[in-house]
Every structure is written in C-alpha cells, then in structure tokens.
1. Just the Kirkwood number for the stretch 1-98, please: inverse of mean 1/r across all distinct Cα pairs, in Å, one decimal.
2. Which loop chymotrypsin sites (Phe, Trp or Tyr not before Pro) in the stretch 14-81, with loop taken from DSSP, have no more than 12 other Cβ atoms within 10 angstrom of their Cβ?
3. Just from the alpha-carbon atoms, what are the Rg and Dmax of the stretch 11-61 in angstroms?
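Coordinate-derived values only; no laboratory data. Keep in mind that this is a model prediction, so the values were computed, not measured. Backbone-built Cβ (ideal geometry, glycine too); neighbour counts: all protein chains shown.
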Amino acid sequence: MKYVIALLSELSKLELGGIEKLTKSDHLALVYVKGKKTIPAICKEAMDEVKATIDYVEVANTSDSMMQVAYLMGYHAAAKHDVYVVIKDKTKVPTKLIGDAHVYTSFKSIAGASTTKKTTTKKTTTTKKTTTSKSTTSKAATSKSNAKKSTKTTSSKKKKETTVADVIQSWATGDTKKAQEGLADIAGQLLGTK
C-alpha cells in the first residue's frame, strides 16, 4: 500500500500524469486549509481517474499545512506504510523526515515506484596485507585507534533529533511530557528556530 500526501493548494502546480496509476489499495491524502477544499478546475479530469482512496485532511491555516504533512509522514512511516510526498518545493519538507518517506515533485515518479523493498547482497572479498616494517604496522594501528576515539567523541556530542515517529511512540506509551517536548522540538525545526 502506498500512502501519498500532497497539498491541495499545489495540485494545479504539480504534474499529475501518473496519478491514475495509483491502485485501489493506495491512499491519497490531500491536505487543505479550512474553507479551501475546492479542487482546481485544471485538475478535475486527472482527479476523476484516481482509483486510490482519497482522504481530505483539513488544517486551520496555511502555516499548519506542512506541520500536518510532517505528522502524516511520521504516523504512516511508524505504521510501516510506504509513504510518498508530492510537493512543488522539496525544501519545505523537514530533512529529518525525508528518511521516512519518498519525496517527489510529480506523480509520475510515484507511478513507477514499487511498494516492495529491494534487497541487495554485498560481495565481500578478503585480502591479506603484509608489511615488511613493524613501525609501519604500529603507526597504522595507532592511527586507527585514534580515529575510533575521535569518532566516539564526535557521535556522543550529537543530540538525537526527534522525529514524528518518536512523538507517536511517546504518546502510545503514555509519556505525554516526552511527546510534548518532541512536538516542540519538531515545531522548532519546521520554523527554523532550532
């Protein structure tokens, strides 16, 4: 099942070719601002061809649109759905959520996307290295251990960024304080204050 999210206000600006290839098991969520649920006339013909279930998601104002998109992305990614976002400007989507979903600027990209995940196998080869000098080996070992130490200190300094999936998990476990802090963190990231 594909879960596709788009802003209703952007439909006329997007390339809709390929939207008809969404199947009956797919869902298309159209986020719209209260009072502006009208589908643009230029898009009516393409929307009539949609076989997917269309969910209309209302938000109070334009600034809440991307917050709702982020919420839907996180919610459906946590539910293990194959999530796609079709948006005119990819930079509007929070970068930390892009790992949870596929972000495109047209529907034809989704039409060809497969819902099955590809698995690849890596071929590994082992080679033996021989060195003639003991000092070369000890220098290499020292530099490797120093590299490991610097990696550990760098990774411990990075703060784990909160995702929508983390917030949903907090709500599910009943930790409302952590969920509220997570929402505040995500809102700060969306508004660029963090």
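1. Numbers: mean 1/r = 0.0729 Å⁻¹.
13.7 Å is the Kirkwood radius here.
2. Numbers: sites: 32, 56, 71, 75; in loops: none.
Filter output for the stretch 14-81: empty list.
3. According to the Cα coordinates of the stretch 11-61, Rg and Dmax are 11.3, 31 Å.
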